[in-house]
Amino acid sequence: MKKDMHSHLLPGIDDGSPDVETSIDYIRRLSDAGLKEYICTPHIFGDMFRNNEQTIHDALYRLRNAIQKEGLDVKISAAAEYMLDDYFMDLLRSGTKFLTLNGSYLLTEFPFSIPPFKLEEITFEIHNLNYQPILAHPERYAYFHRKPETYSRMKDLGFLLQINLLSLTGQYGKQVRNAATYLVRQGLVDLVGTDLHHEGHLEMLLNPRSQKIFKDNFGDQILNDF
Ligand SMILES: [Fe+2]
């Protein structure tokens, strides 16, 4: 994979990398492994991380400066990962311009306890504003595990599905691994991402056993369409 469209590498603004030095360390090691382009997607989550264009672009600016100073040959940009909570609905209805990936792609996540309330309505409004929603890590929501037909329903609602590479390794448990494998085998995966938050994720991504699992699932090249 040359391009990662989901990560928490921007320093100090969510539960990902805590500071610029850590971000540089992660990027250097990922770049050595061949990953050269990063779309960072910090959380925007009403109860925990109220990031906005300003906080995200400030962090991006600091990281880009450090990358330049270190002479690393990588491309880095930023969007966000939006929790579909009440705060998101406030943003949606107040006409906020969302931080998107390549124009109109909007990375969203669901709460881990229950699916968003009134999902049809929310997705209708997102589409009406001409955004293309992506659902981050559908394999991680336990409430879908017993109902795999729900994944196709999410596609029918208009979501692209993005799995986390590490889900295939068992990093998030067996059920999540099974769900991710199911999604790959059914051809339901549109995009893959690292969703890298910390050192543990990085080590697991670079581990030869994981690399073999990625290769077994996707062949030699995992390419994202943008
Ligand atoms: Fe994430």
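FYI, it's all coordinate maths here, none of it is from the lab. As the structure is a prediction and not an experimental result, all values here were calculated from the model. Cβ placement follows ideal geometry from the backbone for every residue including glycine, while neighbour counts extend to all protein chains displayed.
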Taking the Cα centre of each part, how many Å lie between the stretch 152-226 and the stretch 50-89? 23 Å
Restricting to bridges with both residues inside the stretch 3-218, how much of the DSSP beta-bridge set is antiparallel, in percent to the nearest 5? 10 percent
Taking r as the C-beta separation of THR181 and ASP15 and R0 as 22 Å, the FRET efficiency to the nearest 0.05 is 0.25
Can you compute the modelled spin-label distance between LYS174 and LEU72, with each label point 7 Å from Cα toward Cβ, in nm? 3.7 nm
Among THR22, GLY103, LEU191, whose Cα projects farthest towards the positive end of the dipole of the stretch 3-218, with charges put on the beta-carbon of Lys, Arg (+1) and Asp, Glu (-1)? LEU191
Relative to the present Cα-Cα distance, how much length would full extension add between GLU125 and LYS2 at 0.36 nm per residue of separation? 41.0 nm
Pseudo-spin-label distance LYS215 to SER104, built 7 Å along Cα→Cβ, given in nm, is 3.9 nm
May I ask you to derive the FRET efficiency for LYS97 and ASP156 from their Cβ-Cβ distance with R0 = 30 Å, giving the value to the nearest 0.05? 0.65
Using a/c under 1.5 as the rounded threshold, could you call the stretch 3-218 rounded, prolate or oblate? The axes a ≥ b ≥ c are square roots of the C-alpha gyration tensor eigenvalues, and prolate needs a/b larger than b/c, oblate otherwise. oblate
Using +1 on the beta carbon of Lys and Arg, -1 on that of Asp and Glu, and nothing else charged, what's the dipole of the chain about the Cα centre, debye to 20? 640 debye
Report the extension gain between HIS198 and ASN65 in nm, rounded to one decimal, defined as 0.36 nm multiplied by the number of residues separating them, less their alpha carbon distance. 45.8 nm
For the stretch 116-226, the count of lysine pairs 8 or more apart or interchain whose alpha-carbon atoms are under 21 Å apart comes to 6
